[in-house]
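The values are calculated or read from the model by the stated rules, or taken from the named source; none is laboratory data. These numbers come from a predicted model, not from an experiment. Cβ: placed from backbone, ideal geometry, glycine included. Neighbour counts: every protein chain shown.
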Amino acid sequence: MIKIIAMDMDGTLLNSQKKISPKTKEALMKAQEVGMILILASGRPTSGLMEFAKELKMEQYHGLLVSYNGSQVVDCMTKKVLFNQAMTVEEGKAVLEHMKKFERVRPMIDHGKYMYVNNVYDQMIFLNGKEFNVMEYESRGGKFCLCEEEDLAAFVDFPLNKILTTSDPEYLQEHYKEMMEPFKDTLSCMFTGAFYFEFTAKGIDKAKALDSVLTPLGYHREEMIAFGDGHNDASMLAYAGRSVAMANAVDELKEQADEVTASNDEDGIAVIVKRLLPER
């Protein structure tokens, strides 16, 4: 019996307009009403998940937020941090120092209410042939104030849950192996989008975060269904008792999943969740 619904955000729960559709919201609200727990699992910071958790009234049902690709887990009702594994200050400094070698890579880090970058005016990347303001997208999505620090490596004196780097997709594809080379054995390094390459603490992924909190809470992986669309969802889908890839997912995830549902613009989550609900 399914008791937990775990979902990635961008490309999965959210449609192309970055909204939860009415049909999907209705299905998830009904799922909570019959006792299922919702989990939002994303590369986004915790602050970037709160708005959607509130929309789904997850605070009323002990929903969970898995943020920073599994580096942190927060209980929506109590706001208690159930799991947190950040990089050390030294690890963060080393990554940020190494990123200086890549002229077109822009690192982004967050601390409290602020997101820090090297240059607040160097915001644009080229995505699908068009300019895209990636720093505005990230800072507004995470509800951060955008701040400038010329030397992030020198500035950082606190542990980081994640270092997000961005550039034109072609540039990242050409250089990501060099970017991760010094850290491939000591940190988790991964693409979370065509224009995002991230660094987190070693061993961090969505599955580890889920296992760290669900087992103590008395839940079993067999009781979980997971939805995703990207490479960073692979561990979560492998962990779940039942795994579902969106129609818009990367091919590798579709091959891995137990089934493929409709796309994020076609209420793919609602299609499956409605089948899980008891008949009335």
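If you check Thr200, Thr192, Thr215 for being out of contact with any Ser or Thr (no Cβ under 7 Å at 6 or more places or on another chain) and either assigned by TED's automatic domain parsing to the domain that holds Glu131 or crowded, with 22+ Cβ neighbours inside 10 Å (or both), only one passes: Thr192.
Note on the stretch 200-249: among residues that are free of Cβ contacts under 8 Å to residues at least 60 places away in the same chain and among the basic types (Lys, Arg), the one that is nearest to Arg44 (Cα to Cα) is Lys202. Taken over the stretch 160-189, the criterion of being within 21 Å of Ser67 (Cα to Cα) and buried (at least 17 other Cβ atoms within 10 Å of the Cβ) is satisfied by Leu160, Asn161, Lys162, Ile163, Leu164, Thr165, Thr166, Leu187, Ser188, Cys189.
Give the residues of the stretch 107-130 that are farther than 26 Å from Glu51 by Cα, part of a strand (DSSP E or B) and without any contact (Cβ under 8 Å) to a residue 24 or more places away in the chain, sorted by residue number. Spell out how you get there, then give the answer.
Step one: of the stretch 107-130, the residues farther than 26 Å from Glu51 by Cα are 118-119, 121-122, 125-130.
Then keep just the ones that are part of a strand (DSSP E or B); that gives 125-127, 130.
Lys130, the sole residue that qualifies.
Yes or no: the stretch 94-103 includes at least one residue that is more than 30 Å from Pro169 (Cα to Cα) and either modelled with pLDDT of 95 or more or of a type in the set (Asp, Glu) (or both). Scanning the stretch 94-103 turns up no residue that is more than 30 Å from Pro169 (Cα to Cα) and either modelled with pLDDT of 95 or more or of a type in the set (Asp, Glu) (or both). When each of Ala234, Ala257, Ala262, Ala226 is tested for being farther than 23 Å from Met1 by Cβ and crowded, with 21+ Cβ neighbours inside 10 Å, the lone residue that passes is Ala234.
Annotation: of all residues in the stretch 50-87 being among the β-branched types (Val, Ile, Thr) and touching a strand residue (DSSP E or B) at 6+ places or on another chain (Cβ under 7 Å), the one that is farthest from Gly35 (Cα to Cα) is Val81.
So which residues in the stretch 250-280 are basic (Lys, Arg) and touching a residue at least 12 places away in the same chain (Cβ under 8 Å)? Don't jump to the end; show me each part of the working.
Of the stretch 250-280, the ones basic (Lys, Arg) are 254, 274-275, 280.
Answer for the stretch 250-280, where residues must be basic (Lys, Arg) and touching a residue at least 12 places away in the same chain (Cβ under 8 Å): just Lys274.
Taking helices (runs of 4 or more DSSP H) as the structural unit, those lying wholly within the stretch 169-280 and holding at least 1 residues that are closer than 20 Å to Ile39 by Cα and of a type in the set (Ser, Thr, Tyr) correspond to 206-214, 234-239.
Any residue at all in the stretch 261-280 that's β-branched (Val, Ile, Thr), in contact with a Lys or Arg (Cβ under 7 Å, 6 or more places away or on another chain) and on the phi < 0 side of the Ramachandran plot? Step through it out loud before you land on a result.
Filtering the stretch 261-280 down to residues β-branched (Val, Ile, Thr) leaves 261, 269, 271-273.
From what is left, the residues that are in contact with a Lys or Arg (Cβ under 7 Å, 6 or more places away or on another chain) are none.
Checking the stretch 261-280: not a single residue is β-branched (Val, Ile, Thr), in contact with a Lys or Arg (Cβ under 7 Å, 6 or more places away or on another chain) and on the phi < 0 side of the Ramachandran plot.
When Gly92, Gly129 are checked against the criterion of being among the small types (Gly, Ala, Ser) and over 19 Å from Ala153 (Cα atoms), Gly129 stands alone in meeting it. If I filter the stretch 131-159 down to residues being in a loop (DSSP other than H, G, I, E, B) and surrounded by fewer than 18 Cβ atoms within 10 Å (Cβ to Cβ), which single residue comes out as nearest to the chain's Cα centre (by Cα)? Filtering the stretch 131-159 for residues that are in a loop (DSSP other than H, G, I, E, B) and surrounded by fewer than 18 Cβ atoms within 10 Å (Cβ to Cβ), the one nearest to the chain's Cα centre (by Cα) comes out as Lys143.
Sub-6 Å Cβ pairs linking a first residue in the stretch 70-91 that is free of Cβ contacts under 8 Å to residues at least 40 places away in the same chain to a second residue that is buried (at least 22 other Cβ atoms within 10 Å of the Cβ) and of a type outside the set (Val, Ile, Thr), at least 6 apart or interchain, are Val74/Leu65; Cys76/Met58; Cys76/Gly63, ordered by first then second residue.
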